[in-house]
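*Asks:* After the structure tokens below, expect a handful of questions from me.
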Amino acid sequence: MSVQFCLALLALSSLTAASDPVCEDLLKPLENRSRVAGKWIFHAGVSDTGDIMGVLKNVNSSWMKITPIPGSEDMTLRWGDKINGKCMYGGINYTFSGNDTKVTFNFKDTDHLHIGRHLGSCTDCILWTDTTVRPGKEEAITGRNLYIFTKTGKLDDLDLEVVKQQAACLKFPPEFFFGDITDLCPEEEPAATEVKEEEH
């Protein structure tokens, strides 16, 4: 097991260490894994590291689609992010280990390991919290993140208050970033020829 993986699991274990009974109830992992399948629109997110919040604030809007892999407990994840007005698409596999999920993204030729889990949330929402590990100049750099996605992009005020309570239990800063829920990238990535024509 890699050092980075151990660091991520150690940080994530703090989820189960809450001594407040209210927090223990709010931070229960989502047990019904099938609930995460489908298309979801990013509503809001927060991180405890400034650089990740900086990246997040460049995201105009975002959606993701999670699909079960037949004959496997893993799932595929596709997404469309509108960043600085341009659509960017990607896809990877979710790897499950108990309640935890391991995902590796490649951003600017650097692998970013995310070890996280889905927490219980409102009916048409999924709440994801993770620890990110990426290589630094001398040692691994870690950060914690929390994202809320909904089926429509909208979230009732009462549900948002619950999410904020969950974030407080995890000791996240209170400043959430809220994405645009209407100006989304198309679900299907345009063909290369279509992209070139649009750029002229």
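*Asks:* Out of the residues in the range 141-159 that are over 27 Å from Gly85 (Cβ atoms) and touching a strand residue (DSSP E or B) at 6+ places or on another chain (Cβ under 8 Å), which is modelled with the lowest pLDDT?
*Replies:* So the residue we want is Ile141.
*Asks:* Report yes if Thr132 is part of a loop (DSSP other than H, G, I, E, B) and either at pLDDT 90 or above or not hydrophobic (A, V, I, L, M, F, W, C) (or both), otherwise no.
*Replies:* Against the criterion (part of a loop (DSSP other than H, G, I, E, B) and either at pLDDT 90 or above or not hydrophobic (A, V, I, L, M, F, W, C) (or both)), Thr132 does not qualify.
*Asks:* Can you spot a residue in the range 55-75 that is closer than 22 Å to Phe176 by Cα and at pLDDT below 85?
*Replies:* yes
*Asks:* Exactly one condition in (1) at pLDDT 70 or above; (2) part of a loop (DSSP other than H, G, I, E, B) is false for Glu138; which is it?
*Replies:* It is condition (1) that Glu138 fails.
*Asks:* If you take the residues of the range 16-54 that are modelled with pLDDT under 90 and small (Gly, Ala, Ser), which of them is surrounded by the fewest Cβ atoms within 10 Å (Cβ to Cβ)?
*Replies:* If we take residues in the range 16-54 being modelled with pLDDT under 90 and small (Gly, Ala, Ser), then Ser19 is surrounded by the fewest Cβ atoms within 10 Å (Cβ to Cβ).
The values are calculated or read from the model by the stated rules, or taken from the named source; none is laboratory data. Note that this is a predicted model, so its numbers are computed, not measured. Positions of Cβ are generated from backbone atoms using ideal geometry, with glycine treated the same way; all protein chains shown enter the neighbour counts.
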